[in-house]
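Taking it in order: structure first as structure tokens, then the write-up.
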Amino acid sequence: MKKSCKDIEQMLVDYADDRLSQSDSSKVAEHLATCGQCRRMHNALQKSLDLAGVIWADNLEQIENIHIPAAKTRKIRWQRYLAIAASILIVATTSVVWRTLVKPKDNEITFAEIELKINESGNAAQLLAATELLAGQSDVQALIQQQYRYIVERYPETNSAVKAKSKMQ
């Protein structure tokens, strides 16, 4: 029985990374041989993985060329650092205890919500940047539109979703 395109799409990343079992890998290869849309998506994915590898390799070369001079050694006054660490620990503990004892107001935003919004904005921005890198390829327009829709649906309250919405056709 042939796997549907949706099932194949879920396995394409693992297939490109050669992390599928032999049977699943052969099923994906068999499907790609007969389905042009999935084959185009696989080719676009492979190009983006190759691009990421090139970027990674370029950055590694730059990192290898950085020379950090040796730091001068100084006498460390442990008592001073111990006092600072103890102060930070007391403030952090007091803050945690205070936040658990005092219930936040309903309209007050929590640190966890702020962190979630920051993470979502960062994820959306990374997806948008990757999609825009792929936008230069002529044979991946369907994938690009799919990525724009995903960004708009998954991260609707971000600036990246607004940009993605404006770029959708």
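Summing +1 for each Lys or Arg and -1 for each Asp or Glu among the other residues whose beta-carbon sits under 13 angstrom from that of A135 gives +1. Subtracting the Cα-Cα distance of R154 and V54 from their residue separation scaled by 0.36 nm leaves 33.1 nm.
For the pair M168 and Q145, the difference between a 0.36 nm per residue extended length and the Cα-Cα distance amounts to 7.7 nm.
Readers should treat all values here as calculations from the given coordinates under stated rules, not as data from a laboratory. No experiment lies behind these values; they were computed from the predicted model shown. Cβ atoms come from the backbone with ideal geometry, glycine included; neighbour counts cover every protein chain shown.
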